[in-house]
Amino acid sequence: MMFYETKNGNVKLGAGFLTGFLSLSLFSACEKVIDLKLDNAAPAIVIEGGVNDLNENQMIRITKTYNFYDANRFNGVGGAKVVLTASDGTLVNYTESSPGIYMSPKFKGKPGTTYKLTVNSEGKTYTASSTMPQKVILNLLTFKSVNLVDKTRKYVTVIYDDPPGIPNQYHSIIRFKGKVKFDVATDDRFNDGNKVNDILFYDLKDMVPGDTIAVEFQCVDKTVYKYFFSMGQNTAEAQPVSPANPPSNFDNNALGVFSAYTSSSRKALVK
């Protein structure tokens, strides 16, 4: 069983997952100790990153999974060659800034363009493609109080105008003090062409009046949406299915995702 660390520092399932049933026999003043034995698996490569429509240095992270009993760490892979090619003829070479972190020169992605990322690492080649959707602007952030099980909880709501007649997929990311706290993938199956008010179900209980919350609103393609939606199913409090690796858009058995996306951000003051 293996795990890998994602961009927000959380540990996600890596190559292989645990399914099983543990029973605990309780006797008077006695507890039974269960020795759980987990098989090791060969490390798998994890490639994460993307291209957005902002004029900035784009980043790709390359890591390897590690065994369940290993210490939680950033297991960066150095010495890789990372190249981006675009359907408009653009070619970008990435430079390794630190082990596992690869940065591009500043450039701005274009909606409607298909980007292909090629990674050569340790004698193997991995590729993934993603098409940048047209941009949808995040108009406003508001707060909404919801009564759940006799308790009032406060959430942030994203407000935007969904373009009519076009399938759209979104990835919303909540950041607090620069750290990712929550993310969720949604689509417009039931909101096509509407003015949308989406509640992001992250409880703001740890925030006090005067704190600032930031939300990045990404428009992503369908394959990337499926990846983040599956990731959300794995980490949900009430998991409907056994956890598994989310469907990567990389070939050659690599984990992770490459996303060409547009980005619109807003900040709001907690009251």
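Distance between the pseudo-spin-label points of Val92 and Lys108 (7 Å out from Cα toward the beta carbon): 1.3 nm. By the rule of a C-alpha distance below 18 Å, with chain neighbours fewer than 8 residues away ignored, the lysines paired with Lys179 are Lys7, Lys12, Lys205, Lys267. Peptides 152-162, 213-223, 134-144 ranked from most to least packed give 213-223, 152-162, 134-144, packing being the mean of other C-beta atoms within 10 angstrom over each peptide's residues. Backbone amide hydrogens, once placed in the peptide plane, bring Leu54 within less than 5 Å of Gly109, excluding anything fewer than 5 places away on its chain.
Straight-distance candidates among the lysines for linking to Lys195, with alpha-carbon spacing under 19 Å and chain neighbours fewer than 8 residues away dropped: Lys135, Lys144. Between Lys135 and Val208, the simple spin-label model (points 7 angstrom out along Cα→Cβ) gives 3.7 nm.
How much net charge surrounds Asp162 when only other residues with a Cβ under 15 Å from its Cβ are counted (Lys, Arg +1; Asp, Glu -1)? My count for the surroundings of Asp162 gives -2.
Every number in this text was worked out from the coordinates using simple rules, so none of it is lab data. Computed from a prediction, not measured in an experiment: that's the story for all the values here. Reconstructed Cβ throughout: ideal geometry from the backbone, glycine too, with neighbour counts over all protein chains shown.
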